[in-house]
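The values are calculated or read from the model by the stated rules, or taken from the named source; none is laboratory data. Because the structure is a prediction, the values reported are computed rather than measured. Ideal geometry is used to build each Cβ from the backbone, glycine not excepted, and the neighbour counts take in all protein chains shown.
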Amino acid sequence: MSVANPFLSGLGAGRVLIGTWVMMLHDRQTLATVKRAGLDFVRLDMEHTPVPLRVVGDLARRASDIGLGLWLRPTGAQPRFIEAAIRAGINTLYLPQIEDAAAAERAVAAARSAADRAEDVHITAMLESRRAFANAAEIAAVPGVDCLAIGPADLAQDIGTYGTPGEAASVEPYKLLLRAAALQAGKQWEMGTWSLGDIASWVGRGCPILTHLTDTAVLRQGYREAQAVFEAVLARRAQLTEAGHA
Amino acid sequence: MSFRLNPLKQTATRPRLGVRVDAARNPALAALLKAVEVDYVEIDARSAGAPAETVSASALLARALGLPLVVAMAELDRETFGPYLDGGAGGLHLPAVASVMAAEAVVAATRYGPLGSRSTFEPGPQNDYADDPQDLGWLNRNLYVGVELSTVLAPVEIAAIAALDGIDAISPSDDGETGEAWLSGLSKVAAIAAGAGKLAFARVTRLDDIEPALRAGATMITFSDEATVLHDGFARAVTFCQDRLRERVFA
């Protein structure tokens, strides 16, 4: 059974979809929480987290029930991973490491042949290397590729800037390339945001889909904020005590 | 065999900050909480979201990481909290203690003999699968137990409870309030706890509540829960995004 796909109808007229990666809290309560917070979608990641496909399928049905979009990044873009995801009820796929148009065509063919209704499938091609970006226009033009995305960390590794002060600046031109390729082909494009400043920047540049942080990043930030307040109060008290003794 | 010491049982020179976990869904959360350097985690078993088996997996990971894991229970009876203790929880927060006798029953149910009458079986999460026979006296000393006090208790009864061997911490009853009346109750309880050399714990849900709770004398503060932190973090981003969109439309 396939679940409804809000990504095929939720965009247009200047609308922006905003969602997040769920890397740890793979459960129904998290879906309800982020929906209540106003997010449009969640993306689950089988490439970098050990979430089982049966859990993803269950969450996709739950997400559909509450009107929340759910994307899946499968382990890889090979047909066997795509077919398994489609069979589990996932029809919105965020495919990593698409290097050229041929890879994109294979992925689209696998998804469409596995789906009950090919028109319900939504495919995002992730470009994560200099070679992929050299082929960006051809990948974007593949019928059935609905959206382009960038994998900035792997791209930075490919460029040789990962973890260096120049990393962000080295990746920035590729984000603009991605935008241009998508707009030229009349496709959607998606951008990851890691701060409110990033959101402002990409909304200003017309990005229709934003993926903001991850569940674990928000938890880390929230708890660190609490800890900072706690430490500040303790420091103030210590100062007052010291002053009292002086 | 070296035992894993429970940091909540070590003498503290400053108050501790913990966080509440509403639903123990993924033990990996313990690793994240250790990374952000909170002092303890309180798993809330008062709702249906904390199956004992998952809590046990979280507790074992937390023990290995040196992060104390406390389970907040909805009931006082040993049949309910026993599996959490044997599952490796480093401590319990127990609700609605309304008499000295009830507090003595808590001690009896949570401590091995001769202090109490907690049942034992084989080595397990509770002693990190270590020695057999187990050193029950050491396990008693390594377990943290805090109780929430009913509002009906008189100060003299609170003092008697705080003085009990086997009660490590006390708290005013948790009815979700953090207003003046609650702070006043916390202040009284904290003063009695300090007099007995015990801890005073409190739960807060907002950043603004941390300072008043510390000022009232709380020595353990449990902050919010993961669902609230997630909700608030994402809601802030969504509102910001919508504001930027409106600006774009009107530009």
Members of the stretch A:202-218 found to be at positive phi and of a type in the set (A, V, I, L, M, F, W, C), listed by number: A:Leu213
Residue among A:Val56, A:Val51 that alone is among the aliphatic types (A, V, I, L, M), crowded, with 20+ Cβ neighbours inside 10 Å and under 23 Å from B:Ala31 (Cβ atoms): A:Val56
So A:Leu39, is it of a type in the set (A, V, I, L, M, F, W, C), touching a residue at least 12 places away in the same chain (Cβ under 8 Å) and part of a loop (DSSP other than H, G, I, E, B): yes
Selected residue (criterion: farthest from the chain's Cα centre (by Cα)) from residues of the stretch A:188-201 that are more than 9 Å from every other protein chain (Cβ to nearest Cβ) and buried (at least 19 other Cβ atoms within 10 Å of the Cβ): A:Gln188
Number of the condition not met by A:Ala180 [criteria: (1) surrounded by fewer than 17 Cβ atoms within 10 Å (Cβ to Cβ); (2) among the small types (Gly, Ala, Ser); (3) under 20 Å from the mean Cα position of the chain (by Cα); (4) within 14 Å of chain B (Cβ to nearest Cβ)]: (4)
Those residues of the stretch B:1-29 which are outside any loop (DSSP other than H, G, I, E, B), of a type in the set (A, V, I, L, M) and within 11 Å of chain A (Cβ to nearest Cβ), in sequence order: B:Leu17, B:Val19, B:Val21, B:Ala28, B:Leu29
Helices (runs of 4 or more DSSP H) within the stretch B:50-148 that include 1 or more residues among the basic types (Lys, Arg): B:52-65, B:78-86, B:136-142
Strands (runs of 3 or more DSSP E) completely within the stretch B:167-251 that count 3 or more residues being among the hydrophobic types (A, V, I, L, M, F, W, C): B:199-204, B:220-225
Any chance B:Glu177 is within 18 Å of the chain's Cα centre (by Cα), crowded, with 16+ Cβ neighbours inside 10 Å and at pLDDT below 95: no
Close pairs from the stretch A:206-218: first within 9 Å of another protein chain (Cβ to nearest Cβ), partner among the hydroxyl-bearing types (Ser, Thr, Tyr), Cβ under 7 Å, at least 6 apart: A:Leu210/A:Thr193; A:His212/A:Thr20; A:His212/A:Thr193; A:Leu213/A:Thr20; A:Asp215/A:Thr20; A:Asp215/A:Thr30
Pick from the stretch B:233-251, criterion facing another protein chain (nearest Cβ under 7 Å) and among the charged types (D, E, K, R), ranking: surrounded by the most Cβ atoms within 10 Å (Cβ to Cβ): B:Arg244
Filter pass, B:Ser58 being modelled with pLDDT under 95, within 14 Å of chain A (Cβ to nearest Cβ), surrounded by fewer than 16 Cβ atoms within 10 Å (Cβ to Cβ) and over 12 Å from the mean Cα position of the chain (by Cα): no
Close pairs (6 angstrom Cβ cut-off, 6 or more residues apart or separate chains): under 28 Å from A:Arg36 (Cβ atoms) in the stretch A:67-87, crowded, with 17+ Cβ neighbours inside 10 Å and among the β-branched types (Val, Ile, Thr) anywhere: A:Leu70/A:Val42; A:Trp71/A:Thr92; A:Leu72/A:Val56; A:Leu72/A:Ile90
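Each row is one residue, and each column tells you yes or no for (1) more than 21 Å from the chain's Cα centre (by Cα); (2) within 18 Å of A:Gly192 (Cβ to Cβ).
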position	(1), (2)
A:Ala110	yes, no
A:Ala114	yes, no
A:Glu119	yes, no
A:Ala153	no, yes
A:Thr161	yes, yes
Residue count, the stretch B:192-207 (criterion: under 24 Å from B:Ile170 (Cβ atoms) and facing chain A (nearest Cβ under 10 Å)): 2
